[in-house]
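For reference, the structure discussed in these notes is given below.
Nothing in this text is a laboratory measurement; each read-out follows from the coordinates by a stated rule. Here the structure is a predicted model, which means the values were calculated and not measured. Note that each Cβ is placed from the backbone with ideal geometry, even for glycine, and that neighbours are counted across all protein chains shown.
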Amino acid sequence: MPDGRGDRIIFHVDLDAFYVAVERKEKPSLKGEPVVVGADPEGGRGRGVVITCSYEARKFGLRSGMPISKAYRLCPQAAFVLPDFSLYAKVSAKIMELLKKYADQVEQSGIDEAFLDVSSKVKDLDEAKELALKIKDELLSEGFTSSIGIGPNKSSSKIASDQNKPSGLTIVPEGKILEFLAPLPISVIPGVGPKTREFLENHGVSKIGELQEISGKQLTQWFGKGGVWLWGVAQGAEELGVIPRDMPRSLSVERTFRRDVKDFKFISKIADELGDELIRRVKLGELRFRTVGIRIRFRGFETHTREKTLVEYTDGLQELKTAVKSLLEEFSDTDRFVRLIGVRVSDLIREKIETSTLDTWSSG
């Protein structure tokens, strides 16, 4: 049985085209067809983007984040499906419960992915492979293909799970982690976004093998604390634990005025400030939300709540403030005194943890 931090065996389980798979469970006729989950294309005139698409659709050049109008032009025969995030969240919760029986600890890192620490469940990589195949088989019986990466730490397993999609199984032995990482582009490292990639490429670093030659001191000078993370991943030395995270149902902040307020501009300003604090909490919890709500209480304790559901999950401040402003409009013409204002986000997920670790750095 593995013993000690250096003998860990970590799985990263990533469900392939998860939203599409859920839609196909609901509508079996979609199986084998190009499927696009996103905004209404409106015959090529629609606004919005592709949230995700099936592998059949990707053969036509479609991808996540593409304008839905372009996706329609490239593949008009695709089935375009509006997202049902509540359904996806319910299915995700069931799958996470399923995974818990296979691991010592499960850390959900996205609506469609999780880290599993199986160190006490298997004695070597052969047993780890057998366990991974069992997981894949059970997920397949539920209608989901999955890609699993196996490694001695979280970063290597996450990188591995993405190497042979869809339905892949990639194993990284502890003694060969540097060899596995060396030929891969730096963009596969969790936290390396366009800004970090461009900076490193301008310094002659495009592969992880080249990054392995850069000293930790130099990386820290370039990226601050993010450089420590980058060095640890490149050297196969990252040791973050697999930590179960409880998912809150909602987050909210409120302000009760000492004196009842009638000035709507002032009320809007306070709502803006509450939004700043709420997004700070969202980012601290590494969360994304899809529903924004307000709570407004008038003199006499008459209270109203309003909610707005967004097209897709976000952790964006501007998206929150735009929704709050829209919700407050209903009360803008009131001549009544306000006692309390509150801002709330719900329909929360923890999506793509560690994807923005480095691109917040400043080069001064």
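Worth a mention:
- Given (1) 23.2, 94; (2) 20.0, 65; (3) 23.1, 72, the label whose value is Rg and Dmax of the Cα atoms in Å derived from this model: (3)
- Once the C-beta distance of Leu340 and Leu178 is scaled by a Förster radius of 51 Å, the resulting FRET efficiency is 0.35 to the nearest 0.05.
- Charge dipole (debye, nearest 20) of region 18-84; +1 at Cβ of Lys and Arg, -1 at Cβ of Asp and Glu: 240
- Ordering 24-33, 115-124 by mean Cβ neighbour count within 10 Å, with the highest value first, yields 115-124, 24-33.
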